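Note sheet for the following structure.
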Amino acid sequence: MSSCLRRSKNSDKAAENEAFMMKNGEILLEKLIASSNGKYNPIRNFSTEEINISTNNFETGKVLIQDDYAYELYKGHLHDQEYRPIIVMKFKTDQRDAYEECINNIVFASQMCHKNILKLIGCCLDTQIPIFIFESVVYGTLDEHIHNPRELHFEPLLWTHRLRIAMEVANSLAYLHVRFSRPIVFSGIKPSGILLDENYVAKLFDFSQSKSIPEGESHVNVKYLKGTLGYIAPEYMEALVLNEKCDVYNFGGLLLLLLTGQRVHDLARGTKDEYVLSGYVKKHSENNRLFEIVDPIIVGDDQGLCPEKEQQLQDFTELALRCASVSPEDRPTMIDVAKQLRQLYRRSSM
């Protein structure tokens, strides 16, 4: 009797998994063709059994990142000949738009071929919300390196590290803006969404909010606002329109964080000013007090504040504030931003 019940439950579960796979596969293929004209990287399909084995049934101790609203990243290993380390991304089923954001992630991640974008290896379609498998990068997020280095036993994030990270993220955004026939707006740059490897190579990975701009159009309209306080472009906030210049504004907030080491919401307490960090930095810069707010780790690294380094910080600040301009017309393109950061990084390495 019990064996019959067990077989029945297993049969029901298998049927449910097959139904999920058919539904998810159909939707994913439709979205992939619409987004990429069929030009995407082949990805492997994993079974739920393989995913459960690789993460030890999503063991709590294997959690790498826990996003408050959308997903969790787990460390795992593929049980193949190489026993490869992987990252498993699992969306929370109780969150609004989880399914849509999950499919969005697969659609965009499967088109990517850039050293600063986390490589998608495959996905598991036989669950209610698909699960993704990425290459392994487990040296923490940029947010952890800036705000919790001692607790997590990371080395201090020195000035050259920060410049390199900024340059690499800029390169990846420029790639999204110019590499595709329909420019891709990443629309979600945040320090907790940037993984670092042991050599401080930066990797973007979360395409939940990304959008392609339709051919012949200068922007894409969205239904409602999504984003992180201090990183949302004014035109996106006011008119719900997205284009490449929204990413530039978003990136400007990231540059200011790298410069000051301060979270926007920490500075924004007690104020309704969405642009508090850029205003805070601009005020100190104009009053020749910039170095009062530069992250002490930058000031106190091996080189100290020599004249060349002071000039680098001034140039970096000027670029960050241009990116964070209220008017989109006053912001540079990501191509220009990447070029300027490349020059700054070379100067810092001399």
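The values are calculated or read from the model by the stated rules, or taken from the named source; none is laboratory data. These figures come from a predicted structure and were not determined experimentally. Here the Cβ is made from the backbone with ideal geometry for all residues, glycine too, and neighbour counts use every protein chain on show.
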Odd one out for Asp143, checked against (1) surrounded by fewer than 19 Cβ atoms within 10 Å (Cβ to Cβ); (2) farther than 24 Å from Cys246 by Cα; (3) touching a Pro at 6+ places or on another chain (Cβ under 9 Å): (2)
Restricting the stretch 101-131 to residues that are assigned to a strand (DSSP E or B) and not β-branched (Val, Ile, Thr), the residue that is farthest from the chain's Cα centre (by Cα): Cys124
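This table checks each residue for (1) farther than 19 Å from Ser212 by Cα; (2) in contact (Cβ under 8 Å) with a residue 40 or more places away in the chain; (3) surrounded by 12 or more Cβ atoms within 10 Å (Cβ to Cβ).
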residue	(1), (2), (3)
Lys31	no, yes, yes
Tyr40	no, yes, yes
Asn56	yes, no, yes
Arg96	yes, no, no
Glu101	no, yes, yes
Asn104	no, yes, yes
Val107	no, yes, yes
Asn116	yes, yes, yes
Residue, farthest from Arg182 (Cα to Cα), within the stretch 83-100, restricted to residues that are outside any strand (DSSP E or B) and touching a strand residue (DSSP E or B) at 6+ places or on another chain (Cβ under 9 Å): Tyr83
Residues satisfying the stated conditions in the stretch 218-250, i.e. surrounded by 15 or more Cβ atoms within 10 Å (Cβ to Cβ), among the charged types (D, E, K, R) and either modelled with pLDDT of 95 or more or not in a helix (DSSP H, G or I) (or both): Lys226, Glu244, Lys245, Asp247
Residue in the stretch 172-180 that is surrounded by fewer than 22 Cβ atoms within 10 Å (Cβ to Cβ) and more than 15 Å from Asn116 (Cα to Cα) present: yes
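Quick grid of which residues meet (1) in contact with a Lys or Arg (Cβ under 6 Å, 6 or more places away or on another chain); (2) under 24 Å from Ile184 (Cα atoms); (3) in a loop (DSSP other than H, G, I, E, B):
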position	(1), (2), (3)
Glu26	no, yes, no
Glu30	no, yes, no
Ile33	no, yes, no
Glu50	no, no, no
Gly61	no, no, no
Asp68	no, no, yes
Gly76	no, no, no
Residue in the stretch 201-212 that is closer than 21 Å to Phe316 by Cα, surrounded by fewer than 22 Cβ atoms within 10 Å (Cβ to Cβ) and either touching a Lys or Arg at 6+ places or on another chain (Cβ under 7 Å) or not acidic (Asp, Glu) (or both) present: yes
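Against the condition of a type in the set (Asp, Glu), over 26 Å from Ala15 (Cα atoms) and outside any strand (DSSP E or B), how does Asp80 come out, does it pass? Please lay out each step first, then the result.
On the way: of a type in the set (Asp, Glu): yes; over 26 Å from Ala15 (Cα atoms): yes; outside any strand (DSSP E or B): yes.
Yes; evaluated as a whole, the condition is true for this residue.
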Search result, residues across the stretch 210-235 that are farther than 17 Å from Pro332 by Cα and either among the polar types (S, T, N, Q) or free of Cβ contacts under 8 Å to residues at least 24 places away in the same chain (or both): Ser210, Ser212, Gly216, Glu217, Asn221, Val222, Lys223, Tyr224, Leu225, Thr228
Failed item in (1) touching a His at 6+ places or on another chain (Cβ under 6 Å); (2) surrounded by 20 or more Cβ atoms within 10 Å (Cβ to Cβ); (3) part of a loop (DSSP other than H, G, I, E, B), with Ser187 passing the rest: (1)
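A quick yes/no check of all residues on (1) closer than 20 Å to Asp126 by Cα; (2) within 18 Å of the chain's Cα centre (by Cα); (3) surrounded by 14 or more Cβ atoms within 10 Å (Cβ to Cβ):
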position: Ile53; (1), (2), (3): yes, no, yes
position: Asp67; (1), (2), (3): no, yes, yes
position: Tyr71; (1), (2), (3): yes, yes, yes
position: Tyr74; (1), (2), (3): yes, yes, yes
position: Tyr83; (1), (2), (3): no, no, no
position: Met89; (1), (2), (3): yes, yes, yes
Search result, residues across the stretch 15-26 that are under 14 Å from Cys124 (Cα atoms) and of a type outside the set (Asp, Glu): Asn17, Ala19, Phe20, Met21, Met22, Lys23, Asn24, Gly25
Residue in the stretch 150-163 that is surrounded by 19 or more Cβ atoms within 10 Å (Cβ to Cβ) and within 17 Å of the chain's Cα centre (by Cα) present: yes
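Which ranges mark the helices (runs of 4 or more DSSP H) fully within the stretch 256-350 that have 2 or more residues being acidic (Asp, Glu) and at pLDDT 90 or above?
On the way: elements: 264-267, 276-286, 296-299, 307-323, 334-348.
Once the helices (runs of 4 or more DSSP H) in the stretch 256-350 are filtered for at least 2 residues that are acidic (Asp, Glu) and at pLDDT 90 or above, what remains is 307-323.
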The stretch 204-217, subset in a loop (DSSP other than H, G, I, E, B) and touching a helix residue (DSSP H, G or I) at 6+ places or on another chain (Cβ under 6 Å), residue nearest to Cys102 (Cα to Cα): Ser208
